[in-house]
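Below: the structure, in structure tokens.
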Amino acid sequence: MRKEALRFAAVGVLNSAVGIGVIFMGLALLGMSDATANLFGYAVGWIISYALNKTWTFHHRGATTRSFGRFIAVSAGVYLANLGVVLLLHRRIGANVYFAELAGVAIYTTLGFLGSYYYAFTRTKQRQARKLSPAREDLERSRHE
């Protein structure tokens, strides 16, 4: 789990850099509104994050449609948790907004990793737990799909 956590963090850094680059490009070069550029940047970031976490972080071999749906659900859930923490700390408790944002990022990252590890990309963990070979896993998957 430690190796996956480090890889998840590395993907997060790359995903953030690309997402911010896309947002800035949308604003400066394409003349997008801030909301449109933000949506576009986050969409590109989520796609990159999904692809790298599926293939590199978790070595997931399960169905793409299922894991992508789960990944989006996890991402949406952790975004709402992030927003809740930020609003609670800053607006309700009166904490410094920068502190609140950092706390929100910590929650987003931690819950995002756990949701990805235990929910979005679970098939690899199941195969390892049962000690199935990749060929045997493919056979079992074809029976269930």
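Read-outs throughout are calculated quantities, based only on the coordinates presented, and are distinct from any laboratory measurement. Here the structure is a predicted model, which is why all the values come from computation and not from measurement.
Of note:
- Globularity index of the range 39-112 is 1.29 (Cα radius of gyration / 2.2 N^0.38 Å, N = number of residues).
- The alpha-carbon atoms of the range 35-82, seen along their principal axes, cover 35, 20, 18 angstrom, with the largest extent given first.
- Largest-first ellipsoid semi-axes for the range 1-74, taking √(5λ) over the Cα gyration tensor eigenvalues, angstrom: 26, 14, 8
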